[in-house]
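The structure under discussion appears below in the form of structure tokens.
The values are calculated or read from the model by the stated rules, or taken from the named source; none is laboratory data. Because the structure is predicted, anything quoted here is derived from the model rather than measured. Quick reminder, even Gly has a Cβ in these numbers, built from the backbone with ideal geometry, and neighbours come from all protein chains shown. To get the accessible areas, we keep the full protein, side chains included, count just its heavy atoms, and leave off ligands, DNA and RNA. Shrake-Rupley method; radii C 1.70, N 1.55, O 1.52, S 1.80 Å.
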Amino acid sequence: MPTLLILMILGAIGYAFWDASRAAAERATELGRNACQAADVQWLDQSVHATGLRLCRLPSGWLGFERSFRFDYSYDGVERHSGRMVLRGRQLVSFVGPATARFSTLQPRTEDAEDV
């Protein structure tokens, strides 16, 4: 009987860890997609990849996990660049990636538009 109870507790802890990991990956996906859209770059592979996990102290004072994610983006559709983000819980603490929006979608004024 105690063995079954220990297995159930370990199973619950494993499920909680898996669920928190999936929630962090979904949050990183959302942040990466939004950053690429804001910078007017192409977000490649439509996903993020977990690259690191470490124990840290959360702002609330409790122990938690700091997770690192990597994603890929491209300015021109040919060259691939890597971005990186670090989340503590659900909070973004570090971001390296597309920094500025590109103005390629803005059209220059033509002389015909000025005459009208």
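Given the structure, is Y15 surrounded by 10 or more Cβ atoms within 10 Å (Cβ to Cβ) and out of contact with any helix residue (DSSP H, G or I) (no Cβ under 8 Å at 6 or more places or on another chain)? Before the answer, list the steps.
Values: surrounded by 10 or more Cβ atoms within 10 Å (Cβ to Cβ): yes; out of contact with any helix residue (DSSP H, G or I) (no Cβ under 8 Å at 6 or more places or on another chain): yes.
So Y15 fits the description; yes.
Just checking, which of A113, A101 is at pLDDT below 90, part of a loop (DSSP other than H, G, I, E, B) and open to solvent by less than 90 Å² (accessible area, probe 1.4 Å)? Before you say what the answer is, go through the steps one by one.
Numbers: A113 fails: part of a loop (DSSP other than H, G, I, E, B).
The match here is A101.
Could you check how many residues of the range 25-37 are within 8 Å of the chain's Cα centre (by Cα) and surrounded by 12 or more Cβ atoms within 10 Å (Cβ to Cβ)?
Within the range 25-37, residues that are within 8 Å of the chain's Cα centre (by Cα) and surrounded by 12 or more Cβ atoms within 10 Å (Cβ to Cβ) number 8.
Taking the residues in the range 46-96 that are more than 20 Å from E30 (Cβ to Cβ) and of a type in the set (F, W, Y) as candidates, determine which candidate is surrounded by the most Cβ atoms within 10 Å (Cβ to Cβ).
This residue is Y75.
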